[in-house]
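The values are calculated or read from the model by the stated rules, or taken from the named source; none is laboratory data. All values reported here derive from a predicted model rather than from experimental measurement. Cβ placement follows ideal geometry from the backbone for every residue including glycine, while neighbour counts extend to all protein chains displayed.
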Amino acid sequence: MLDTIHHAPSDYSYVKRAVAFISENWRDQPSLEAIATEVNVSPGHLQRVFTRWAGISPKAFLQALTLDHARAMLRDSASILDTAYEVGLSGPSRLHDLFITHDGMTPGEYKLQGRGLVINYGFHPCPFGNALVMVTIQGLCGLAFADEGEETSALADMKSRWPNASYREDSARTAPFAGRIFNTDLWHPDTPLRVVLIGTDFEIRVWETLLRIPVGKASTYSDIAAHLGKPKAARAVGAAVGKNPISFVVPCHRVLGKSGGLCGYHWGLTRKQAILGWEAGLSSSAL
């Protein structure tokens, strides 16, 4: 009992500093380790002390604070995308759960339909069937899915997007990308995945917006259109989403109909359901 009384004041100072740090940096969604480092105490000790004093864990406090800000934004009619982006669920230093960095081809380059572009491709097993991975010297440019026996048609579909490109089968070159994409242990901000977006200016803007939808969340075509400042362009947004050449990485599967229905998916609704279920499990395991 005497030992508890002796340590209480210092424990409270840890909690007070942790609360202040979380309150000031909630948009960055700091980890328990980052909070503990700021407070200068071990993560385990901070978890125990904070929970004893506040009644909830540091992460639960962060989530509650984030939720309060999100609700306030939504009450002011902010879109799901704007809200998610603003409250730190996705941000400038973390465009996507895979931690990617990307470039888009210029309209002039796009009009060449791949002329002068060398694209290496390979098929690799993944949680959602066979993944067709396509890369250029600049980085990942294509990711498609195929059930067994449908590899030829999947490749033809992707080739039709850039008919003037040169294609080379090179699984050894594409394997590292496949491993990087589907292994969550390799999703690190200090090793970003390089992506090349090949499309029209409007399509690239839509795909860049998709990157802001956090894992475990969803948006709608109309919401994306509003985010782009074109509230009447939901149909055009839908067409651009359907043409997304980098499935999963650019998360077009997170776009739902206005009523919340799955709507279409270029690689099949069953696969869309499987990906969303996989991500839901990933999100819940991170809580």
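Here are some notes:
- Those residues of region 12-43 which are in contact (Cβ under 8 Å) with a residue 40 or more places away in the chain and closer than 12 Å to F61 by Cα, in sequence order: A18, V19, I22, S23, W26, Q29
- Residue count for region 6-18, restricted to those that are surrounded by fewer than 18 Cβ atoms within 10 Å (Cβ to Cβ) and either at pLDDT 85 or above or farther than 14 Å from V41 by Cα (or both): 4.
- Residue match in region 174-192 (condition: within 28 Å of G108 (Cα to Cα), surrounded by fewer than 13 Cβ atoms within 10 Å (Cβ to Cβ) and either assigned by TED's automatic domain parsing to the domain that holds G116 or without any contact (Cβ under 8 Å) to a residue 40 or more places away in the chain (or both)): no
- Of the candidates L262, L211, L186, the single residue that is of a type outside the set (S, T, N, Q), modelled with pLDDT under 90 and under 22 Å from H124 (Cα atoms) is L186.
- From the list S171, S219, the one residue that fits, being more than 17 Å from the chain's Cα centre (by Cα) and of a type in the set (S, T, Y), is S171.
- All positions within region 11-60 that are in contact with a Phe, Trp or Tyr (Cβ under 6 Å, 6 or more places away or on another chain) and of a type in the set (D, E, K, R): E38
- When region 190-220 is filtered for residues that are within 23 Å of G277 (Cβ to Cβ) and β-branched (V, I, T), the ones remaining, listed by number, are I213, V215, T220.
- A single member of R161, R212, R205 is in contact (Cβ under 8 Å) with a residue 60 or more places away in the chain, of a type in the set (D, E, K, R) and touching a helix residue (DSSP H, G or I) at 6+ places or on another chain (Cβ under 9 Å), and it is R212.
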